[in-house]
Structure formats: C-alpha cells, structure tokens
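Each value in this text was obtained by applying a stated rule to the coordinates, not by laboratory testing. What you see is a predicted model, and the numbers here were worked out from it, not measured in a lab. Every residue, glycine as well, gets a Cβ built from its backbone with ideal geometry; the counts of neighbours run over all protein chains shown.
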Amino acid sequence: MSLIQMRDITKYYQMGDHTVRALDGINVHIEKNEYMAFIGSSGSGKSTMLNILGCLDRPSSGQYFLNEQNVENMDANQLAVIRNQEIGFIFQSFNLLPRATALHNVMQPLIYRNVRWSERKSLALEALRRVNLADRVHHLPNQLSGGQRQRVAIARALVTEPSILLADEPTGNLDSQTTVEIMELFDQLHKDGQTLILVTHESEIARHCHRIVEMKDGKVYRDELQSATA
Amino acid sequence: MLFVIFESTRSALSSILAHGFRSFLTTLGIVIGVASVIAVVSLTQGLRASVGEQFSALGSNSLTIASYTPIQDQMQGRRARLTADDLELIERRVDGIASITPILYATRSSQIRYGSQTSFSQIMGTTYAYRDVGQYYVHSGRFLANSDNDTRRRVAVIGEAVRDNLNLPEDPLNEYMELGGEWFRIVGLLESKGDIMGFNQDDIVLVPFATMQSIQGNQAQTDIQIQLRVSDEASVEEVSRQVTSILRNARGIGLNDRADFQIQTPEQLMETVDTVIGMVTVVLGGIVSISLLVGGIGIMNIMLVSVTERTREIGICKAIGARRHHILLQFLIEAVVLSLLGGMIGVAFGYGMGALIAFSIPGFPPANVPLWAIALALGFSGFVGILFGILPAGKAANLDPIDALRYE
C-alpha cells in the first residue's frame, strides 16, 4: 500500500448561494521517499490540498489513507495526534513560537508526545545539528535570519521523525541565496530517505522535485515524473 | 495527564514572566483582595488569641450566678434576688463543686480612704473560699479567714493597685483604711494579676462577707452573687445545668418562664468575643468576595486579550500536534497560576500590613495568621482563576487550526 492514497477527494465551500469546488475528485498516490511538488496558480486548489494532506482539514467526500490509517472519520483530537506523529509542517512564514528559543521551538512537538525533558532536549539538539544550526540553539527567532528561521522550522518538522514533510512555499520569504541553501537541505533530506511534499508556484523550486503534480480548478491537470535536474 | 499539567505549568510560568508587568497588574485585584482579608484576619486572630490567654488565666472552670431582673420589672420596682438560702441550697445539692463563695458588692459607697488620700475601688464582701474560686493569692500577710466571717472582723485584703492609689506604705499590713465610714485593718496584700480586657484586677478590696452584710444593713433585702469553682472531674456544663434546675425548682419557675437569675461562665464571655469576631469575618468575607470577583474579571479580560494575541501561536501548536486539552490546560493553568501568585503575594503583603498595624498600636497583641486563613485565601484565589480562566481557555482550545494559522 502506498504511503498516501487519496481516492476521489472533494472539498466544497459554500459561499453565499453558490458552491466553490476547491477540490473536485482528486486521486493521488504517493510512495515512500517520493520528492514531489504540487504546483498551480492561486485558486487552483493547492492550498486546500495541503490542508487536507496535512490533516488540518477534512475533505467533503472521498477517502484518504495516510500510512495505512483512514483519516476520514477522525475527530479533531485524533487528527492532532496524526499531525504530531506523521506530518512535519514547514510554512512560508516559518511559524515559530516568537517567545521560545530555537531549541524550545524544536522541542515543542515532543511535548505532545509526552517525551521527558532530557530526552526532548537531546532529540532537538540532534535535529538542529542536522540543519546546521547547532551553534544557534539559544537564539530567539527574531535574533535569527530568515534562512536560519526556516532551518529551525525544518528541524522542528524533523524532530518527530514524521512520515512526510509538508512544505508550503518554503522559500517564499527568502532571498535567492538562502533559497538555494534550503533547497540543498531538502535534496539532502530526500537522499536520507525522507518523503517530501512541496507546494509552490515557483518552477525553480519545483525543478528540484522528481514528480510534479500541476493543479487547475481543483483537479489534477498534469502528473508527471521528471529526471532530477539539480 | 500529570505530564501535561507539569508542562503546561512550565509554559504558563514562562508566559507570565514574559509579560511581567502586565501579569502583575492583572493579578493586582486578587493581591488587594487577599491582602486586605489577611490583614484583618491576622489582627482579629491576634486579638482573639490574646483574649483567650487572658480568659484561661482567669480560670475557665469557674462560674458566677447572679440575679437577673428584666427591665420591665425593674421599672415596676421589682427586683430579683439571690440570698444566702440559695447559696446553701447549691452547696448542699449540687455535685462537682470544688469551692463556693458568696459575694456581696458594696452598693452604698465604694470610696476608700487612707490618711488624706481617697480613691474608689471595687469592694467585695466574700469568704475564705474566694481565694480558690477567684485564684487570688496573697503576696504578704494573710487571706480572709473563716473566723473573720464568724466574728465579723473589720479586716481587709487589698490589691496592689489599691495600695498604690492610697499611697499606702510598701508594706501596708496593719495599717487602717476607711471604707464606707468604718475603719478596716489591712491584713493581706494580693499578688498582682494584671489587666484583663481593660479591667484592672488589682484594683480590689476584699472584706469578710458577714462584715459587709452588717455594714450594709437591711439583711433581708441583700442581693448576693455566688461564685463557684468546678472540681477537676466535673464539667462546667453539667454543674451549670444542675444549678439551673435546682434554682428553678426552689423558686417555682414554670417551664416556659424566664429564670430570674443567670449563670455566667468564662466560656460564655469567650463565645461573645468569638461571635463579634465571627461577624467581622463574615462582613469582611463579603467585601473580599466582591474584590476577588472584580480581580477575577480582570484576569478573564486579560486572558481573552492574550488568547487573541496568541491566536497564531495556538494555530502553530495545533498544527504540530497539540490536542484540545493541551491548549485548554495551558491557558487555564496560566489563569490559575496568575491568581494563585496574586493570592500568595496578597498573603505576604496582608501579613506584613497586619504586623505593622499591630506593632504601631501600643498594647495591641501581635498579628497572627492561622493556617486555615492562608489555605482559604489561596484556595479561593485558585478557584477564581479556574472560574474566570475556563472561558478564555475554552475559546483558545476550540480555535480552528487553519483559521488560527492564517490570523495576522
């Protein structure tokens, strides 16, 4: 069984009298250690796709199996457990806790797994080492550069050893030099066996991926493999 | 669950510290409420402890029987009386009496004179047994003796304050003082007992009961008091009950009629003091619950602001796996910790204030904060935290993660 199986996923929003079909019959399978990107213009449904993939939202209909678990009928708390166990989020605007140091930000998801302080700390330090931030663990987010903040966010996503890393425009707020660094980090994570799913509208970013799914009007418009160019 | 509470407390503390001044202002309502209650409780409890000590020094196992005339009867010229017959009756029929004595207070004049010095004092006609009942012991000379009573000797035992007021010599024995136109020889000086509730126990002149009766004249009319000390094996309540039933019987008082005598025990006085303190405490409790209510609303207000401010943080935590109870507990514990901190500062502050007031008023007993008051103050402020924290915490826990993440 694939890591992710989506069967006929739809997501409708009611806007006044007419229904918006944000997702309209999506069928996608994603295997372990895939390195893929969802691309598309704004309004194509890729953000909704990301919310449903990341179990932040539930589809209106259709089946979604994540790591052999049917997410369909889970309540908010069960979805929170899934997010904690299976998914590592990386956001465009980093979304770090502003009053917590890099170390505490990375330790945060482990609290929800009832991991003890000393173990949390050693796991978080290990994750920060993987993103080359071992020397800045006690800095607050506003003392770090954009690239460093995004690497803290990646460490926070990695520390729980999730099944998938889900990145939403991960380089949208970064300059070109930092973008290259972050993408190299993603390439490295893929080589280490991590499953990566990116959502982006930049073709530069998508070119790193081995599979590109283009979305249009809530449907899969194009789904093709490409040989790595990076 | 314990792990979650522990982690939530840690995060609540760091969040409170991050907004130190705001947290302090938030909890100020609680601080003031708790401080005022602790200050007043510490003063009243200090007062109560010192009154209690004085009463136990007085002898908590003695009781006084006196006649009682309602005002209406007094206006009609009727007066209830206790007589020597009643004394005899009680002495003969009541069990558990260690010693018993009649007391006759001077009614005509309580003026005393020595040389050219005059003064007023409490003059009591009593017997040898008063030494045991009233716990008065002589410093020098002797106490009243039975033979003084039998032969109606004109002798007196005086307190230290009387000696001082009349400018009597250091050793006043065998001096003569004038008392209601009669001359009495001083045979004993009492040990000093100090003040009790503003009444100087050393300002006292004791003369033989029969002597007092004879100089008052009109023996059939005299209204005496009876004081007795209950023996160690008997209980004050039991003796008091026996005395009541015997006296009611002897006087033919009907079941539903008011007795024309009353029995006073030191416990009753203590109870009166307790009632007053209890009333003060209740009134104060009302005021304090209002101020705690106001403090709690202040906490709720700031917590609601804080939830809105941290909407995005809540979204982040939910995205990385926080469940409903994680968020709920974090904000609830923050509210409880805030109000508990307020309570603790309030207890310390209130005790300081109480101690300062007690110290600056001369003769006021030291402030005393009983543990129950501290426990109650902290318990109540914790409860206020839960009560007013649950709404903001619930609001935070029910946020939708997508909306919360999008919040700017």
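If only residues of segment A:39-88 that are part of a strand (DSSP E or B) and polar (S, T, N, Q) are counted, the one that is farthest from the other protein chains (Cβ to nearest Cβ) is A:Gln63. Scanning segment A:56-93 for residues that are over 17 Å from the mean Cα position of the chain (by Cα) and at positive phi, we see that the one that is surrounded by the fewest Cβ atoms within 10 Å (Cβ to Cβ) is A:Glu68. Considering segment B:115-231, the qualifying strands (runs of 3 or more DSSP E), each wholly inside and each with 1 or more residues that are closer than 28 Å to B:Arg81 by Cα and out of contact with any His (no Cβ under 7 Å at 6 or more places or on another chain), run over B:117-120, B:122-126, B:155-158, B:176-179, B:182-190, B:204-208, B:225-230. If the Cβ limit is 6 Å and pairs must be 6+ apart or interchain, which residue in segment B:307-329 that is more than 7 Å from chain A (Cβ to nearest Cβ) and in contact (Cβ under 8 Å) with a residue 24 or more places away in the chain pairs with which residue that is hydroxyl-bearing (Ser, Thr, Tyr) and in a loop (DSSP other than H, G, I, E, B)? If the second residue must be hydroxyl-bearing (Ser, Thr, Tyr) and in a loop (DSSP other than H, G, I, E, B), the pairs left are B:Thr311/B:Tyr407; B:Arg312/B:Tyr407. Residues in segment A:1-38 that are on the phi < 0 side of the Ramachandran plot, among the small types (Gly, Ala, Ser) and away from every other protein chain (no Cβ under 14 Å): A:Ser2, A:Ala37.
Residue-level analysis places B:Gly379 among those that are out of contact with any Ser or Thr (no Cβ under 9 Å at 6 or more places or on another chain), closer than 23 Å to B:Leu25 by Cα and surrounded by fewer than 17 Cβ atoms within 10 Å (Cβ to Cβ).
Mind listing just one residue for me: the one in segment A:186-229 that is in contact with a His (Cβ under 7 Å, 6 or more places away or on another chain) and closer than 26 Å to A:Gly147 by Cβ and, of those, surrounded by the fewest Cβ atoms within 10 Å (Cβ to Cβ)?
As a first pass, look at segment A:186-229 and keep what is in contact with a His (Cβ under 7 Å, 6 or more places away or on another chain): A:186-187, A:196, A:225-226, A:228.
Now restrict to residues that are closer than 26 Å to A:Gly147 by Cβ: A:186-187, A:196, A:228.
Values: A:Phe186: 23, A:Asp187: 16, A:Leu196: 23, A:Ala228: 11.
This residue is A:Ala228.
Among residues of segment A:113-131 being of a type in the set (Gly, Ala, Ser) and without any contact (Cβ under 8 Å) to a residue 12 or more places away in the chain, the one that is nearest to A:Ile182 (Cα to Cα) is A:Ser122. Tell me, please, whether a residue that is among the basic types (Lys, Arg) and away from every other protein chain (no Cβ under 14 Å) can be found in segment B:30-49. Yes, there is a match, as at least one residue in segment B:30-49 is among the basic types (Lys, Arg) and away from every other protein chain (no Cβ under 14 Å). For segment B:140-175, the set of residues classified as in contact (Cβ under 8 Å) with a residue 40 or more places away in the chain and over 25 Å from B:Ile100 (Cβ atoms) consists of B:Ser140, B:Glu160, B:Ala161, B:Val162, B:Asn165, B:Leu166, B:Asn167, B:Leu168, B:Glu175, listed by residue number. When residues in segment B:19-49 are screened for being closer than 23 Å to B:Leu376 by Cα and surrounded by fewer than 18 Cβ atoms within 10 Å (Cβ to Cβ), 4 of them pass.
Mind checking whether some residue in segment A:90-111 is basic (Lys, Arg), within 9 Å of chain B (Cβ to nearest Cβ) and closer than 22 Å to A:Glu169 by Cβ?
Within segment A:90-111, the subset basic (Lys, Arg) is A:99.
Those still in the list that are within 9 Å of chain B (Cβ to nearest Cβ) too: A:99.
From what is left, the residues that are closer than 22 Å to A:Glu169 by Cβ are none.
No: zero hits.
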